[in-house]
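One structure is given below, encoded as structure tokens.
The values are calculated or read from the model by the stated rules, or taken from the named source; none is laboratory data. It should be emphasised that the depicted structure is a prediction, and the values quoted were computed from it without experimental measurement. Cβ placement follows ideal geometry from the backbone for every residue including glycine, while neighbour counts extend to all protein chains displayed.
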Amino acid sequence: MDNKLQNLYRECIQELNNIGIDMQNKQQIGTIEIKLSNRSKKRYGICKQEEPDEATRYIEKIGRKRLIKYQRYKKHKIEISTWVMQLNKDIIKNTIIHELIHCIPNCNNHGKEFKKYANYINKNLGYTIKTTGNKREDYQKSNLEYQEEADYKYKIKCKNCGQEFYRKRISKNFTQKYRCGKCGGKLEKNTCIKLINVV
Ligand SMILES: [Zn+2]
Ligand SMILES: [Zn+2]
């Protein structure tokens, strides 16, 4: 399994290199490690950033909060969830490349710079890098049966004003017991599948 990941990873690195994105440029990118992780049934993958480049430190203001951020990190640890490995090859590679983009300076989040790279790669290599994944859809594409329990959520909608919210679990008589917090209207419940963050 880990061999398969390493092989696909090498393919991704090569393909990116072919369109001018050199992930092996240590000066620019730093070092990248990739491995499998069994920890999450929801998450496709994650890119853990380490060793921030102090020279690229900046402060981001979110409301009253001030956060210390870095444009560039020197060490990246990518983890791909084990369950992803049973999906179609192109979906696995989508996930790997998504995490690889996070290793590029200024791409630690899903902001402008991340999207710029994602669009460029999608256009030139035919990938469909997104910021969220749809587990059910990806299972279907891979001809695998999808067990839905874990990702099911309830979507509650106000019949009057249309206000929507989500709950993981709700009590039996929820829609009879409660009314819309905004307008007092009656509520209806639907089961739905949550979109999963790829991270
Ligand atoms: Zn309402
Ligand atoms: Zn991401």
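Here is how the numbers come out for the structure above:
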{"quantity": "Selected residue (only one of Gly20, Gly45 is more than 21 Å from the chain's Cα centre (by Cα) and modelled with pLDDT of 95 or more)", "calculated": "Gly20"}
{"quantity": "Odd one out for Asn3 among (1) modelled with pLDDT under 95; (2) outside any helix (DSSP H, G or I); (3) more than 17 Å from the chain's Cα centre (by Cα)", "calculated": "(2)"}
{"quantity": "Residue satisfying all of: in the stretch 74-118; without any contact (Cβ under 8 Å) to a residue 40 or more places away in the chain and aliphatic (A, V, I, L, M); farthest from Gln49 (Cα to Cα) among these", "calculated": "Ala118"}
{"quantity": "Residues satisfying the stated conditions in the stretch 170-186, i.e. surrounded by 14 or more Cβ atoms within 10 Å (Cβ to Cβ) and either over 9 Å from Cys158 (Cα atoms) or away from ligand 1 (no atom under 15 Å from the Cβ) (or both)", "calculated": "Ile170, Phe174, Thr175"}
{"quantity": "Single residue of the stretch 61-100 satisfying the filter (of a type in the set (Val, Ile, Thr) and part of a strand (DSSP E or B)) that is surrounded by the most Cβ atoms within 10 Å (Cβ to Cβ)", "calculated": "Ile80"}
